Amino acid sequence: MLKTISGFALLLLLPLTAAAQLDPLSKKAPTNNPVTQPTLSPGTVELLVLDSKFSDETAKGGGKVFSSWFADDALTLNNGKQPTYGKANIAASANWNPSEYELKWQPLGAQMGPSGDMGFTWGHYDGHGKDKNGAEVVLSGRYITVWKKINGQWKVALDASANEPADAGECCRLPKP
């Protein structure tokens, strides 16, 4: 009887183990690549390319370019900060120069909605700058960007980010005596 229960419990845990290994938000998740993963839909590929372009242009142009990608009614949710609603408010808060602060991100995944006019991307970001004393400041975390098509043009509807979590090995380690 015990062997049957153990075997049954193992069968129940297999999908959870497989899902944990395929977690697209895990730090070690593979980058989506249409050559190595040919099952990516054309819409997913379109969003991945769009998000990469958004990152590249922001790295070159700073906050002014960053905010230009947003819809008029967009929302940003950033770790430890109040929500910012509306493109004008987002632009007012995104006033960094790329020579003083560099923000880059790498999309790790995307999903297109069934209608083809809305979807989301997610991935990892890094920000590099200096504090008021000239000391190096590095921000690192995860993000999700919700995209919507307005009059045939893709715009950011929601951009949210959170600090990078501790490594799994660090969070689960027992204290040393």
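The values are calculated or read from the model by the stated rules, or taken from the named source; none is laboratory data. From a predicted model like this one, the values you see are computed outputs, not experimental measurements. Don't worry about glycine lacking a Cβ; one is built from the backbone with ideal geometry, like all the others, and counts go over all protein chains shown. For the accessible areas, the whole protein counts, side chains as well, though only heavy atoms, and no ligand, DNA or RNA atoms are used. Shrake-Rupley method; radii C 1.70, N 1.55, O 1.52, S 1.80 Å.
Data table
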{"quantity": "Spin-label proximity, V49 to the stretch 102-126 - amide N less than 20 Å from point 7 Å beyond Cα toward beta carbon", "calculated": "105-123"}
{"quantity": "Cut-off 11 Å (backbone N to label point 7 Å along Cα→Cβ of S93), residues of the stretch 119-158", "calculated": "none"}
{"quantity": "Unit charges at the beta carbon, dipole of the stretch 67-169: most positive-side option, M112, S161, L139", "calculated": "M112"}
{"quantity": "Per DSSP, loop GluC sites (Glu not before Pro) in the stretch 82-136 with at most 11 further Cβ within 10 Å", "calculated": "E100"}
{"quantity": "Stretchable slack from D72 to K149, in nm (0.36 nm times residue separation minus alpha-carbon distance)", "calculated": "26.5 nm"}
{"quantity": "Share of carbon and sulfur in the accessible heavy-atom surface of the stretch 41-115 [1.4 Å probe, %]", "calculated": "52 percent"}
{"quantity": "Chain lengthening between K81 and K130 when straightened (0.36 nm per residue, less Cα-Cα)", "calculated": "15.7 nm"}
{"quantity": "Ordering of 82-88, 140-146 by packing [mean C-beta count within 10 Å, highest first]", "calculated": "140-146, 82-88"}
{"quantity": "Simple label model, 7 Å out from Cα along Cβ direction - M118 to V138, nm", "calculated": "3.8 nm"}
